[in-house]
Every structure is written in C-alpha cells, then in structure tokens.
Amino acid sequence: MPCEPLPVVSEAPVLPLTRPQLAEARRMRAVELFEQGRSGAEVARMVGIHPESVRRWKRMREEGGAQSLRRCPATGRPPRLDDAQVEAVRAALEQGAQAHGSEADLWTLERVGVVIERLTGVTLARASVWRLLTGRLGWSLQRPKRRAVERDDSEIAGWVAQEWPRIKKGR
C-alpha cells in the first residue's frame with residue numbers, strides 16, 4: 001500500500017528560545033520527571049540543575065501545582081495608551097502634520113504630543129512620545145533634505161555645464 005505524502009508544514013524560521021523560556025522548559029521537564037517517579041537527585045542530574053533548586057521546584061509543585069512553575073510576565077506600570085488609542089494616533093499621524101494645523105508637513109515630538117493629547121486626553125512627555133513612535137508604532141527618525149524653496153534644477157544644470165568650465169579655466 002503506498003504511503004500518503006506528509007502534509008506541508010509552513011517553513012517559518014524557528015527562533016531560539018530566550019533564557020526565561022529555557023528556564024521554564026527546564027522546570028516543566030523536571031515536573032515530568034517527578035511524575036515518572038524519579039528522585040530529586042536523579043531529576044537534578046538529568047535537568048542539569050543544583051539539587052536544592054529541584055527540591056524548591058518540588059515544594060512549589062506540591063503547593064501550587066505545575067502551573068506555579070510557569071514563568072510570570074514582567075510586572076510594571078501598564079501603558080497609558082491602550083491598543084485602540086495607539087491605532088487612532090497612528091491613523092491621525094498618517095494624515096500628515098498639515099492636516100492637524102501645522103504649517104509644514106513635518107512631525108516633531110511636540111506636535112505629535114499635541115495630537116495625542118487632543119485625541120486621547122493623555123499628556124505624554126517627549127521621551128514617552130519617542131518611545132511610542134519608535135517602540136509601539138515602529139517608526140524611525142526621518143529628516144528632510146535641506147533644499148531652498150527657490151531652487152531651480154534646470155538653472156543649476158545649465159550653470160554647471162556652461163559657467164563652471166569657464167570659471168575653472170580662468171585659474
């Protein structure tokens with residue numbers, strides 16, 4: 001009987017585990033080994049951890065179950081803008097600075113802060129506006145090229161073609 005072909009699995013790159021993920025995986029492996037009836041010393045040797053850590057993990061498992069050995073997300077102050085507010089800010093910023101009353105279509109941290117305050121009622125410091133733009137929105141610093149408004153590229157090309165060689169010969 002012929003074999004059926006295996007289903008194609010997406011070939012997305014597998015990212016390496018972070019240190020907290022590796023530590024959690026090690027603790028979960030220790031739980032599996034405890035459930036198999038292995039001794040603490042044996043688990044410590046197999047997982048590659050000091051026996052005292054294994055004893056602590058065993059106590060935690062007995063008191064709070066295997067869930068107590070899962071990693072906890074880092075605590076900290078929650079962001080002042082939720083995801084919906086950030087998306088509203090993104091949409092407003094994509095309209096351009098002139099759409100929000102600026103003379104030039106150029107965003108500054110102060111101008112972005114004013115738009116954020118107008119949309120959400122939240123006042124952010126310049127550093128927080130920068131973190132919002134670069135971190136949560138993924139934007140980067142862009143600087144416009146400095147060019148005179150009166151610049152005429154055809155005049156410049158003519159000068160370079162005719163006048164510059166004449167001036168250079170005069171040396």
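The values are calculated or read from the model by the stated rules, or taken from the named source; none is laboratory data. Only a predicted model underlies this, so the values are computations on that prediction, with no experimental measurement involved. Positions of Cβ are backbone-derived with ideal geometry, glycine not excepted, and every protein chain shown enters the neighbour counts. Heavy atoms of the whole protein, side chains included, go into the accessibility calculation; ligands, DNA and RNA do not. Shrake-Rupley method; radii C 1.70, N 1.55, O 1.52, S 1.80 Å.
A few points about this structure:
- Degrees, to the nearest 10: 51-64 long Cα axis against longest axis of the chain: 90 degrees
- Solvent exposure, largest accessible area first (probe 1.4 Å, DNA, RNA and ligands not counted), of Ser140, Ser102: Ser140, Ser102
- Ligands, DNA and RNA excluded, the heavy atoms of Asp153 present near 90 Å² of accessible surface to a 1.4 Å solvent probe.
- Exposure rank, largest accessible area first [Lys169, Lys58; 1.4 Å]: Lys169, Lys58
- Whole-percent carbon and sulfur share, accessible surface of segment 126-171, 1.4 Å: 52 percent
- Note on the chain: helix-only mean residue ellipticity at 222 nm, from DSSP H runs of 4+ residues weighted -39500 (n - 2.57) and normalised by residue number, equals -15500 deg cm²/dmol.
- Protection-proxy order for peptides 69-75, 115-121, 133-139, each taking the mean of Cβ atoms within 10 Å per residue, highest first: 115-121, 133-139, 69-75
- Degrees, to the nearest 10: 19-35 long Cα axis against longest axis of the chain: 20 degrees
- In the full protein context, the chain carries 81 Å² of accessible surface per residue, based on a 1.4 Å probe and ignoring ligands, DNA and RNA.
- Rounded to 10°, Cα long-axis angle of helix 109-120 versus longest principal axis of the chain: 60 degrees
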